[in-house]
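Participant: First the structure, which I've put down as structure tokens, then a few questions once you've had a look.
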Amino acid sequence: MDFGNFYQLTAKSPLSHWLETLPGKIAAVQRESLHGHFKNWDRSVEHLPDIVPETLDLLHGVRADSTQLTAHQRDGIEKLLRNLMPWRKGPFSLYGVNIDTEWRSDWKWERVLPHISSLAGRTVLDVGSGSGYHMWRMLGAGAKLVVGIDPMQLFLCQFEAVRKLLGNDQRAHLLPLGIEQLPELKAFNTVFSMGVIYHRRSPLDHLFQLKNQLVSGGELVLETLVVEGDDQQVLVPGERYAQMRNVYFIPSTGALKNWLEKCGFVNVKIADYSVTSIQEQRRTDWMTSESLAEFLDPNDPGKTVEGYPAPLRAVLVATKS
């Protein structure tokens with residue numbers, strides 16, 4: 001993967017000081033930490049055709065199409081995209097290929113969007129972006145530049161595949177890094193962290209890391225698992241929660257609001273609260289392993305297979321003072 005375009009773009013932006021360390025960190029990933037399947041994934045991206053879509057819709061979904069493609073070419077695109085399975089965040093509709101991802105991420109976006117400040121003209125950071133689905137929706141909502149970070153190399157290849165099929169759009173870039181690898185940039189107008197904080201051993205450190213990426217007055221959009229309870233309630237699961245190993249702390253919305261205020265955020269609002277359904281997270285033809293239905297108690301869908309409360313998710317919005 002070539003990040004030269006991003007470096008050139010960064011050099012002319014408030015992110016320019018990031019170039020002191022970023023190329024070295026990216027080079028280290030490329031040199032030392034490549035996944036065993038990365039070359040095959042990268043080859044699939046390389047073999048995708050360079051297309052400028054005739055129709056492109058990032059406002060209502062992530063959709064692109066062209067009347068110039070033959071049925072054979074569309075079949076070839078689908079085969080290459082299937083080489084990048086499993087697809088978890090989406091869905092995508094690309095030249096007649098409908099990627100039915102594990103998560104209906106469009107539902108989450110519809111819950112989030114009414115509660116946040118306008119993204120028009122903003123520079124945005126998306127932490128834990130996965131395949132980058134929400135990054136494209138952020139552009140559709142008017143963002144000027146979206147930077148995503150996620151250390152999973154399959155997600156990087158999925159993102160680059162979609163970008164290529166969207167006409168090589170340079171307004172969005174995904175970097176194979178974690179939040180702990182970012183310096184204090186203090187350059188983003190909006191920072192999203194969706195589905196991340198419960199995977200962090202130190203959630204308050206994560207909140208400070210997010211805060212350090214925002215300009216003064218910038219907005220944090222935090223989406224996460226929560227539990228019911230008062231503002232002191234926090235679930236600390238055992239080895240697994242809903243079959244996930246790396247889940248450390250699941251707070252109530254009140255406790256999470258307290259955490260944000262303790263870290264110096266102001267105007268903290270609980271914007272949304274919803275049960276995760278087996279229609280929103282499920283096994284599909286593009287993600288064929290177990291999903292939420294298998295992670296819930298078959299005799300009591302209000303509990304996980306481990307006996308914990310079934311997944312609830314909340315969206316909180318806060319401002320950096």
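The values are calculated or read from the model by the stated rules, or taken from the named source; none is laboratory data. Just so we're clear, the structure is a prediction, and the values are computed from it rather than from any experiment. Cβ coordinates were reconstructed from backbone atoms using ideal geometry, including for glycine residues, and neighbour counts include every protein chain displayed. Ligands, DNA and RNA are excluded from the accessible area calculation, which covers all protein heavy atoms including side chains. Shrake-Rupley method; radii C 1.70, N 1.55, O 1.52, S 1.80 Å.
Participant: For region 193-237, give the percent of accessible area contributed by carbon and sulfur heavy atoms, probe 1.4 Å, rounded to a whole number.
Facilitator: Answer for region 193-237: carbon and sulfur cover 42 percent of the accessible area.
Participant: Something else about it: Roughly what % of DSSP beta bridges within region 168-321 run antiparallel, to the nearest 5?
Facilitator: Within region 168-321, antiparallel bridges account for around 75 percent of the total.
Participant: Still on this model: Of the trypsin sites (Lys or Arg not before Pro) in region 16-47, which ones lie in a loop per DSSP and count no more than 15 other C-beta atoms within 10 Å?
Facilitator: none
Participant: Whose amide H sits under 5 Å from the amide H of Asp65, counting only residues 5 or more places off or on another chain, with H placed in the peptide plane?
Facilitator: Excluding prolines and chain starts, which carry no amide H, the hits are Glu54, Thr55, Tyr95.
Participant: Net charge near Val266: determine it from the other residues with C-beta under 15 Å of the C-beta of Val266, scoring Lys and Arg +1 and Asp and Glu -1. Mind dumping the intermediate values first?
Facilitator: Numbers: positive: Lys211, Lys257, Lys262, Lys269, Lys320; negative: Glu219, Glu261.
Net local charge, Val266 excluded: +3.
Participant: Which percent of Cα-Cα pairs in region 118-268 sits in each 5 Å bin, short to long?
Facilitator: 2, 9, 18, 21, 19, 15, 10, 5, 1, 0
Participant: So how compact is region 196-291: Cα radius of gyration and Dmax in angstrom?
Facilitator: Expressed in Å, the Cα Rg and Dmax of region 196-291 come to 15.1, 44.
Participant: How compact and how long is the chain, expressed as Rg and Dmax of its alpha-carbon atoms in Å?
Facilitator: Using the Cα atoms of the chain, the pair Rg, Dmax is 19.5, 59 Å.
Participant: Considering only DSSP beta bridges whose two residues both sit in the chain, what percent are antiparallel, to the nearest 5?
Facilitator: Taking every DSSP beta bridge within the chain, about 55 percent pair in antiparallel fashion.
Participant: Loop only by DSSP, 12 or fewer other Cβ within 10 Å of the Cβ. Give me the trypsin sites (Lys or Arg not before Pro) in region 127-204 that pass, ordered by residue number.
Facilitator: Arg201
Participant: What do you get for GluC sites (Glu not before Pro) in region 193-276 restricted to DSSP loop and a cutoff of at most 12 other Cβ within 10 Å of the site's Cβ? Please list the in-between numbers first.
Facilitator: Values: sites: Glu219, Glu223, Glu228, Glu239, Glu261; in loops: Glu228, Glu239.
Sparse-neighbourhood loop GluC sites (Glu not before Pro): Glu228, Glu239.
Participant: Putting +1 on Lys and Arg Cβ atoms and -1 on Asp and Glu Cβ atoms, find which of Leu119, Ile77, Leu58 reaches farthest to the positive end of the dipole of region 14-149.
Facilitator: Value: Leu119.
Participant: Further question on the same structure: Kindly identify region 33-113 as rounded, prolate or oblate by the Cα gyration tensor criterion: order the square roots of the eigenvalues as a ≥ b ≥ c, call it rounded if a/c is under 1.5, otherwise compare a/b with b/c, prolate if a/b is larger, else oblate.
Facilitator: oblate
Participant: Positive end of the dipole of the chain, charges at C-beta (+1 Lys, Arg; -1 Asp, Glu), about the Cα centre: which of Met1, Ala187, Val315 has its Cα farthest in that direction?
Facilitator: It is Ala187.
Participant: So, one more: Computed on alpha carbon atoms, what radius of gyration and Dmax characterise region 109-150, expressed in Å?
Facilitator: Radius of gyration, then largest Cα-Cα span, for region 109-150: 9.6, 25 Å.
Participant: First obtain the Kirkwood hydrodynamic radius of region 249-321 from its Cα pairs, then insert it into the Stokes-Einstein equation at 25 °C and 0.890 mPa s, and state the resulting D in µm² per second as a whole number.
Facilitator: This corresponds to a translational diffusion coefficient of 172 µm²/s.
Participant: With charges set only on the Cβ (+1 for Lys and Arg, -1 for Asp and Glu), what does the dipole of region 38-320 come to about its Cα centre, in debye to the nearest 20?
Facilitator: 520
Participant: Right, next: For a test of the definition: using alpha carbon positions, the gyration tensor, and the 1.5 limit on a/c, classify region 1-77 as rounded, prolate or oblate. Could you put the intermediate results ahead of the total?
Facilitator: Working: a/c = 3.19, a/b = 1.51, b/c = 2.11.
In terms of gyration-tensor shape, oblate.
Participant: If you don't mind, there's one more thing I want to ask. So for region 1-121: antiparallel DSSP bridges make up what percent, rounded to the nearest 5?
Facilitator: 60
Participant: To continue, here is another question. Restricting to Cα pairs below 8 Å that are 6+ residues apart, what does the relative contact order work out to for region 168-235? Please round to a whole percent.
Facilitator: Over region 168-235, the number comes to 37 percent.
Participant: So, R0 is 25 Å and r is the distance between the beta-carbons of Ala293 and Glu261; what FRET efficiency does that work out to, to 0.05?
Facilitator: Working: r = 37 Å, r/R0 = 1.47.
The computed FRET efficiency comes out at 0.10.
Participant: Let me ask something else. So if each residue of separation counts as 0.36 nm, and I subtract the Cα-Cα distance between Gln30 and Asn246, what length gain in nm does that give?
Facilitator: Values: separation 216, 0.36 × 216 = 77.76 nm, distance 2.52 nm.
Net length gain for the segment: 75.2 nm.
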